[in-house]
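Data block below; observations after.
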Amino acid sequence: MRNRLILLILMLSLSLPKADAFKRKPYRGLPRTEAELLTALVTCMQYKDTISYPTIFYEFDTLWKEIGTYKVADEMEQAKLQEIKQHPERVRRFDPVYNPQIIKDFYAVLKKGEDSGIHWNQIMVNKYEFQKVPLTRDLVGYEMFATERFQGYVYLKDLLSQQDFIFTVTEMQHIGAYWYGGELLNILPASSIEEYKAKHAGEIKRQRLLRELGLTEEDLARLKNGDSGGHHVIAVKENDEDDMTSTTKSGLRSNDIVDRKYYTGKFDNEIPVKLYVRYIKGNCPGHICGWDAIYKFGDQDEFIKLDVTRTKDGKWLFNEDPPIGTMELILTDKIYTGTWASSDIKTGYEVKLKEVELSASMTKQLDNIIEKGLWSKGLKEDKEKDPNEKMSPISEDMSKGVY
């Protein structure tokens, strides 16, 4: 453990700005719930503590020993365990010692929050909404050790400016009796998930446009300052409501659905994908005003809800909810082609999906998933909580100085 901490401190001192100095009460123990883990995570964010943050993750070295001594119950578990043993890199990526990108993403969210005006030492958690992380083929067997994995949204209030923020987090993992992890994805000024998604879609559009123009954020900053650097001066909007048609939400009648499409295919000609899209009519040009969609890929047991938009130039954007990944596709002769990318644009796949005929029973099953919200999800905010209560249990702990 001592060598691990020394390595973490050395790595951070070489790659990141020095963490702010602060005084803290001793941490009260390992988190036994996802709420306690969130308390530890947000505490690190409050103090911009890039030293303590990696210690809330489970150590790969310890996990690997447990994998090596695990007693399988049957041949199926044996096959799963063997797959993990052959690919240690698949679980090693959850440990910041072996994957420093986790710490860099943590610092990037802190920096982005500051650039958006947040006062980290004045934040309070209002609520959170978590969903189950779908099990993908490359991690089959890992569920024997990380029995639950959550991702989702956390609502913050800046008590100094009274501004609302939402950040997204993934890989909060229940291992043994405790909770570990919490990889940060993004943060935006927003007071609702709908507002967050709209701004996130604008960010994705902005990044895509910059890539198409061969520009970087630094180039754009120079352009805004009047330094063209040999580039043509252009305007890049964060969001363009005229260019995007939003998906419908809820309260649909059966006769609002005018068409259903089912597609199958693969990511990178390897990972199987299934996509279901419903077309919703309304009072707008073409009479199709939105879409419902769900998909799943790899060995996932459950579908993932998608928010669908279509641009004026005919591109289809399918954003996961929470926005972990995005498909940008073009539909030609009943075939979708394009790309899937993670929200941080660090992982990508080529996508090809072909429309196939839907049976009546399959249609009923897929409609039932959408109508009843049976897509992938885990824990939502506490339903027994008093709706008039303004402060979450997590925020109460923080306001009392209990960390």
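What are the ³J(HN,Hα) couplings of the stretch 149-156, residue after residue, when phi is run through the Karplus curve with 6.51, -1.76, 1.60 and θ = phi - 60°? Round to Hz, x for glycine and proline.
9, 10, 8, x, 10, 10, 8, 10
Using modelled amide H (1.01 Å from N, peptide plane; none on Pro or chain starts), what sits under 5 Å from the amide H of Q300, excluding residues fewer than 5 places away?
Sorted by chain and number, the residues that satisfy this are R137.
Subtracting the Cα-Cα distance from 0.36 nm times the residue separation, let me have the gained length for K266 to E148 in nm, one decimal. Can you show the working numbers first?
Working: separation 118, 0.36 × 118 = 42.48 nm, distance 2.67 nm.
Going from the current span to full extension adds 39.8 nm.
Amide H to amide H, which residues 5 or more places from E148 or on other chains are under 5 Å from it, using H placed in the peptide plane?
H174
For a bin width of 10 Å, list the pair-distance distribution of the stretch 2-191 built from all Cα-Cα distances, rounded to whole %.
Taking every Cα pair in the stretch 2-191, the percentages come to 8, 34, 35, 17, 5, 1.
What distance in nm separates the two pseudo spin-label positions at R92 and K65, each 7 Å out from Cα along the beta-carbon direction?
Going from the R92 label point to the K65 one covers 1.8 nm.
By count of other Cβ within 10 Å, fewest leading, how are K266, K71 ordered?
K71, K266
Measure up K111/K132; K274/K305; K85/K352 against 20 Å on the Cα-Cα distance and list the ones that go over.
K111/K132; K85/K352
All of the numbers you see were taken from the coordinates with simple rules; none came from a lab. Bear in mind the structure is a predicted one, so any value in this text is a computation, not a measurement. Don't worry about glycine lacking a Cβ; one is built from the backbone with ideal geometry, like all the others, and counts go over all protein chains shown.
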